[in-house]
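Notes follow once the structure below has been shown.
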Amino acid sequence: MRRPFKVATLGPTAAPMAEWNAYYRNENEEEEQEEGEESGGDYKSTGRDSLVFLVDASKEMFVKGEDGQPSNFDMTMQVVRSVYSSKIISSYRDLVALVFYGTDQSKNPRNSFKHVYVYHNLDEPGAKRVQDVDALRGGKGATLAAETMGSGETSLGDALWCCANLYSDIKLRLSHKRLMIFTCRDDPHGGDSTKDRQARTKASDLKETGVVIDLMHLMKPGGFDVSLFFCDIVNPPEDESELGLQLEPCDKLEDLQKRVRAREQKKRAMARLNLCLGEGMNIAVGMYASAVTARKPAPIRLYRETNEPVRSKTRTFHTQTGSLLLPSDIKKAQTYGKKQIVMERDEVDAIKKFEDPGFFLIGFKPMEKLKLHHHIRPAVFIYPEEDEVKGSACLFSALLTKCSEKNVFALCRCTSRRNYPPRFVALVPQREHVDEGKVQITPPGFNAIYLPYADDLRTMDPPQFPSASQMQVDKMKEIVTKLRFKYRSDAFENPVIQQHYRNLEALALDMMAPEDIEDLIMPKVDQINNRLGPLTDEFKDLVYPPGYNPENKPAAKRKTDDAGGRAEKKAKVELPEDELRAHVQNGTLGKLTVPVLKDACKQFGVRTTGTKKQELIDALIAQLAP
């Protein structure tokens, strides 16, 4: 049986200050690990994501659509607002910027570029920025944009150059840099070859610095031809299935939001590990979370005078001398045979370590061996990492194809991080699925299902109940068939979390009231009754006796006394005057209950201004004190 290690403090010794600083690092310092960065295995270092919205402000963008449809500019502002709000909630440390090109007015660092208006610099999103974008929406927003920026000449090369300067001015580590161009003009320079060449050159420079350029082209009369100019500006699609999506312009707000969401959300690997297929045969794979529990964010402690986040620091002191202990002063120990075994930190780490992180293939099992009760936690998705080990994608694809053809899963031993105990996982193959438009619905790869240990399974003695008759079973089958629907997990939102963020949004944006939410998990009683019809009553007649209503509960009987049917009342407790004065003199009135004190006040005619215990005590002391 494993016992927890105890901490043993030895005598204070000298230790380097660097070691002390490394051990007692503040929790909120910049050098702490970012979200998504892991502490073990061969992982890539990550930083903050950055996103720049480069929006065309020409007059064509403000033309409203048919049948009262919003203009392309209005749709773009709604999408920008949605991304700002989601960034504040999900990844508030990411950097976002909003830049307009083709404007009459100019506003950018050092005003080096004409007809480029930097509305928001590259910085963390906040409530003020959301309000600024809200002001640009609708008819009033178009008027404000015309007054503030106007529409003028277009030079996409200058706009890209300005965006490059925004990136170069950031001193933070950026893990992902993306630039999205929103426009409805497929030839922004009107055939000016000089400006076209300049824009292509600056786009090439941005790509070389790691900036991914995406085109969010919008519908215009006559269609949008990407091949005229923008095919040389944007990055090629990462997947062939995205090619069709990239060529089609957006004419609806929902389509534009879907495309932006798919682009701006960076898929981060939980870990990058090796999948060992045998001795000397390793392929690199990445682990991705397929489902994560949505929770309310943890509260942040703020200093009440400055309203700034409080940094917490931990220090360990000697219990006898009170001196500050350094990391080298602290040892771990475990009692064994009435003797304390002291261990160094390296020895404890060696004991905890089973093996290096990775997947180790054990064998293959038919799919029918995998039972439903084996799913004890959300699975993770496994996908090859070609950049880590060349040839991983080819070998991974061959393994996936053979497992799918033979209907088997790969049984592996998985150690996801250093000092983590190994787990057995079943790698279940998942083939690629695309819709009618050749857009990928599910990617190809393996779902790693964590398998339980033998100790995790227990046998239970089910309670004995009367078995249902065949008529009752058949009737319930009809009810289940009527109520069956295609379940999608993303169709049901957590109403508590949604209301929480609506309240935060209302407070941050000074809204009169939070937006109403629809509780999607509440059953639709009227629709259920319409579907079932008489089946509910027929099932009740088969299961319950005649005249029985399962929804009516019998009223609880009131307890009565033996004598005559009335509930017994508690007798009042009255204290003699001598005993009460003794309590006042000894200062022990606090030992009496509130009902006793109230009765004492009534008994001696003491008037009180309140009903709290201390107020009653003060009134009695003032009346009865010598």
When you look at Gln320, is it open to solvent by 50 Å² or more (accessible area, probe 1.4 Å), among the polar types (S, T, N, Q), in a loop (DSSP other than H, G, I, E, B) and over 30 Å from Gly391 (Cβ atoms), yes or no? yes
Kindly check whether there is at least one residue in the stretch 368-385 that is open to solvent by less than 50 Å² (accessible area, probe 1.4 Å), among the charged types (D, E, K, R) and under 25 Å from the mean Cα position of the chain (by Cα). yes
In the stretch 84-103, what count of residues is obtained for those that are at pLDDT below 90 and either among the aliphatic types (A, V, I, L, M) or open to solvent by 40 Å² or more (accessible area, probe 1.4 Å) (or both)? 6
Index of the failed condition, Ile479 passing every other in (1) touching a residue at least 40 places away in the same chain (Cβ under 8 Å); (2) open to solvent by less than 50 Å² (accessible area, probe 1.4 Å); (3) more than 30 Å from Thr536 (Cα to Cα): (3)
Return the pairs, sorted by first residue and then second, in which the second residue is among the charged types (D, E, K, R) and not in a loop (DSSP other than H, G, I, E, B), the first residue lies in the stretch 518-534 and is open to solvent by less than 80 Å² (accessible area, probe 1.4 Å), the beta carbons are less than 7 Å apart, and the residues are 6+ apart or on different chains. Leu532/Lys482
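Look through Asp187, Asp214 and report the one residue that is acidic (Asp, Glu) and either open to solvent by 30 Å² or more (accessible area, probe 1.4 Å) or outside any strand (DSSP E or B) (or both).
Values: Asp214 fails: either open to solvent by 30 Å² or more (accessible area, probe 1.4 Å) or outside any strand (DSSP E or B) (or both).
The unique qualifying residue is Asp187.
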Could you say whether any residue in the stretch 266-286 is open to solvent by less than 30 Å² (accessible area, probe 1.4 Å), at pLDDT 70 or above and in contact with a His (Cβ under 9 Å, 6 or more places away or on another chain)? no
Taking only the stretch 589-626 into account, find how many residues are touching a helix residue (DSSP H, G or I) at 6+ places or on another chain (Cβ under 9 Å) and either modelled with pLDDT of 80 or more or not in a loop (DSSP other than H, G, I, E, B) (or both). 20
Output for the stretch 129-184, where each listed residue is of a type in the set (Ser, Thr, Tyr), surrounded by 18 or more Cβ atoms within 10 Å (Cβ to Cβ) and not in a loop (DSSP other than H, G, I, E, B): Tyr167, Ser175, Thr183
Applying the selection to the stretch 50-81, what residues are out of contact with any helix residue (DSSP H, G or I) (no Cβ under 6 Å at 6 or more places or on another chain), assigned to a helix (DSSP H, G or I) and farther than 15 Å from Met216 by Cα? Lys59, Glu60, Glu66, Asp67, Gly68
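How about the stretch 386-408: which of its residues are touching a helix residue (DSSP H, G or I) at 6+ places or on another chain (Cβ under 6 Å) and at negative phi? Step through it out loud before you land on a result.
Applying the first criterion (touching a helix residue (DSSP H, G or I) at 6+ places or on another chain (Cβ under 6 Å)) to the stretch 386-408 yields 386, 407.
Hit for the stretch 386-408 is Glu386, nothing else.
Considering only the stretch 399-414, state which residues are in a strand (DSSP E or B) and either touching a Lys or Arg at 6+ places or on another chain (Cβ under 8 Å) or small (Gly, Ala, Ser) (or both).
Val408, Phe409, Ala410, Leu411, Arg413, Cys414 - these are the residues of the stretch 399-414 that are in a strand (DSSP E or B) and either touching a Lys or Arg at 6+ places or on another chain (Cβ under 8 Å) or small (Gly, Ala, Ser) (or both).
Could you check the stretch 282-298 and list, in sequence order, the residues that are aliphatic (A, V, I, L, M) and touching a residue at least 12 places away in the same chain (Cβ under 8 Å)?
Pass one, the stretch 282-298, residues aliphatic (A, V, I, L, M): 283-285, 287, 289, 291-292, 294, 298.
Listed by number, the residues that qualify are Ile283, Ala284, Val285, Met287, Ala289, Ala291, Val292, Ala294.
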Selection from the stretch 323-335 of residues that are open to solvent by less than 50 Å² (accessible area, probe 1.4 Å) and more than 15 Å from Val348 (Cβ to Cβ): Ser323, Leu325, Leu326, Asp329
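The values are calculated or read from the model by the stated rules, or taken from the named source; none is laboratory data. As the structure is a computational prediction, the values presented were derived from the model and not from experiment. Note that each Cβ is placed from the backbone with ideal geometry, even for glycine, and that neighbours are counted across all protein chains shown. What goes into the accessible areas is simple: the full protein's heavy atoms, side chains included, and nothing from ligands, DNA or RNA. Shrake-Rupley method; radii C 1.70, N 1.55, O 1.52, S 1.80 Å.
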